[in-house]
Amino acid sequence: MRIGLVSAPSNLGLRPPAPSSVPGCAKAPEALREAGLHRRLGELGADERGVVLAGRYADDAGPGSLRNQAAIIDHARRLAARIDLLRVGGLAPLVLGGDCSILVAAGLALRRAPGRYGLVHLDGHTDFRHPGNSAHCASLAGEDLAAAVGRHWPAIAGLDGLSPYFSPADTAHAGCRDDDPHLAETSALLGAVIPASQIRRHGVPHAARTILGVAGRAGLDGYWIHLDVDILDPAVMPAVDSPDPGGLSAAELTELLAALAPRAAGAQVTVFDPDLDPGGSHARLLTDILIPGLAPLSRDRQ
């Protein structure tokens, strides 16, 4: 199965980095192109399938709503439609974000598809802030996992009445730090939660087996991989919105992706910020991770 490569340059789910400025992660797809990702994937048989542009960043959060909520919903619907087209055409979607809010689009696409799909959430944070545990919901990029499993406002977590996009029992998270504020809540709710410290302690193969035991078990038709590159330690990847010490090495992430990609239904890459990488070295490093890590996407689903 060939990869269908889609750009989704959204920054709508992030808070502004400074007053009157906007997050730079919308530039990530083209920065990765410049680093050679598209060319190298093309040499391996991937097809480019265009871009789904997001609306204007407005920072317009109000009581009971997210910043850029209307634009996020519009973008999610259009990106879900593109994911649908790729899958119907026999391609494995690889979506280059953008921020983590694009997970809603993937969830919507797979929820309305025939079958039942799991979620593998690889992220340096659980991204589980929601109205039930916080009075400060505003940025979907820090709340995307909660929305994906139906724990957010229905306007974002239940598009077309399809909440949850992924069952919590079919969802595995890996990569958060030990001091994540929602570690206990997610551990009690999801099929598996594996902090980065446990991946280092027990090894990547053990983590991959645990994840596959949840999202890849019998009865499911596949799983979506969400990758937020802040799962990497900031000594390796500082060009992210919220760097936190204690993350994975480049080799550990490459190994984990390579173990998970062959059975996945699709994947997305989020939160790389080229504004924090003026020389392009971190884009090149990320490309060197993604080629061996995600080039096997859907190989075993043929």
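Being touching a residue at least 40 places away in the same chain (Cβ under 8 Å), out of contact with any His (no Cβ under 8 Å at 6 or more places or on another chain) and in a helix (DSSP H, G or I) is the filter here; which residues of region 31-63 pass it? Within region 31-63, A31, E34, L37, R40, L41 qualify. Pairing residues of region 120-148 that are over 23 Å from G213 (Cα atoms) with residues that are surrounded by 24 or more Cβ atoms within 10 Å (Cβ to Cβ) and of a type in the set (S, T, Y), at Cβ distances under 7 Å and at least 6 apart in sequence or on separate chains, gives L140/S101; A141/S101. Within region 236-256, if we keep just the residues that are farther than 15 Å from L286 by Cβ and touching a helix residue (DSSP H, G or I) at 6+ places or on another chain (Cβ under 8 Å), the residue that is surrounded by the most Cβ atoms within 10 Å (Cβ to Cβ) turns out to be E255.
With the checklist (1) more than 18 Å from G142 (Cβ to Cβ); (2) buried (at least 16 other Cβ atoms within 10 Å of the Cβ); (3) touching a Lys or Arg at 6+ places or on another chain (Cβ under 9 Å) in hand, flag the one item K27 doesn't pass. In the conditions (1) more than 18 Å from G142 (Cβ to Cβ); (2) buried (at least 16 other Cβ atoms within 10 Å of the Cβ); (3) touching a Lys or Arg at 6+ places or on another chain (Cβ under 9 Å), K27 misses (3) alone.
What do you reckon, is R177 among the basic types (K, R), crowded, with 22+ Cβ neighbours inside 10 Å and closer than 30 Å to A235 by Cβ?
The answer is no for R177.
Pick from region 268-291 the residues that are in a helix (DSSP H, G or I) and of a type in the set (G, A, S): which of them is farthest from R33 (Cα to Cα)? Looking at the filtered set, the residue picked out is S281. May I ask you to verify whether L41 is in contact with a Pro (Cβ under 9 Å, 6 or more places away or on another chain), open to solvent by less than 30 Å² (accessible area, probe 1.4 Å) and more than 24 Å from P17 (Cα to Cα)? So L41 does not fit the description; no.
Residues in region 196-235 that are of a type in the set (A, V, I, L, M, F, W, C), in contact with a Gly (Cβ under 7 Å, 6 or more places away or on another chain) and either open to solvent by 40 Å² or more (accessible area, probe 1.4 Å) or more than 20 Å from D179 (Cα to Cα) (or both): V214, A215, L220, W224.
What number of residues in region 102-126 are closer than 27 Å to D179 by Cβ and open to solvent by 10 Å² or more (accessible area, probe 1.4 Å)? Residues in region 102-126 being closer than 27 Å to D179 by Cβ and open to solvent by 10 Å² or more (accessible area, probe 1.4 Å): 1 in total. Inspection of region 293-302 finds a residue satisfying the criterion of being of a type in the set (A, V, I, L, M, F, W, C) and open to solvent by 10 Å² or more (accessible area, probe 1.4 Å).
The set of residues in region 168-190 that are under 17 Å from I225 (Cα atoms) and touching a residue at least 40 places away in the same chain (Cβ under 8 Å) comprises A169, D170, T171, A172, H173, A174, G175, C176, L190.
The values are calculated or read from the model by the stated rules, or taken from the named source; none is laboratory data. All figures in this text were calculated on a predicted structure; none of them were measured in a lab. Counting neighbours? That spans all protein chains shown, and the Cβs are built from the backbone with ideal geometry, glycine included. Note: areas computed on protein heavy atoms with side chains; ligands, DNA, RNA excluded. Shrake-Rupley method; radii C 1.70, N 1.55, O 1.52, S 1.80 Å.
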